[in-house]
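Peer 1: Have a look at this one.
Coordinate-derived values only; no laboratory data. Just so we're clear, the structure is a prediction, and the values are computed from it rather than from any experiment.
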Amino acid sequence: MHLGLAFWNLDAFIHEHMLWILVIGALMGIVPESGPHFIFVMMYAQGLIPFSVLFTSSFVQDGHGMLPLFSYSLKDSVLIKIFNLIFGLAVGGMFFALGF
């Protein structure tokens, strides 16, 4: 994050396109690992994104917890991810609209 802010002026891009950052956070949450979520935690800690973006990313992201379900039922895994994505975007979008 530090390099991106220093060399590419990500701060201005993030503030101009906050709704897209919300959607990107939700889409990155689909990845069944917790590493990509750390980017949004760091951006929130630095004050670059509001709570609504962090909430959306956190809700959709389930870390490695989804991996065992993939081996049991791919259909159920996809349904859970779709539910998490829709619910995370709905509540996160509501928080965003309220100014959180």
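Peer 1: Can you tell me the 0 to 90 degree angle between the C-alpha axis of helix 74-98 and the longest principal axis of the chain, rounded to 10?
Peer 2: Between helix and principal axis, roughly 30 degrees.
Peer 1: Using alpha-carbon pairs under 8 Å, 6+ residues apart, how would you state the relative contact order of the chain in percent?
Peer 2: 31
Peer 1: With each run of n ≥ 4 DSSP H residues scored as -39500 (n - 2.57), what mean residue ellipticity at 222 nm is computed for the chain after dividing by its residue count and rounding to the nearest 500 deg cm²/dmol?
Peer 2: -22000 deg cm²/dmol
Peer 1: Another one. May I ask for the distance between the Cα centers of region 1-60 and region 66-100, given as a whole number of Å?
Peer 2: Result: 17 Å between the Cα centres.
Peer 1: Would you mind checking which residues have amide H under 5 Å from Val31's amide H? H placed 1.01 Å from N; only 5 or more apart, or other chain.
Peer 2: Hits under the 5 Å cutoff: none.
Peer 1: Using alpha carbons only, how many degrees (0 to 90, rounded to 10) separate the axis of helix 51-60 from the longest principal axis of the chain?
Peer 2: Roughly 20 degrees, rounded to the nearest 10.
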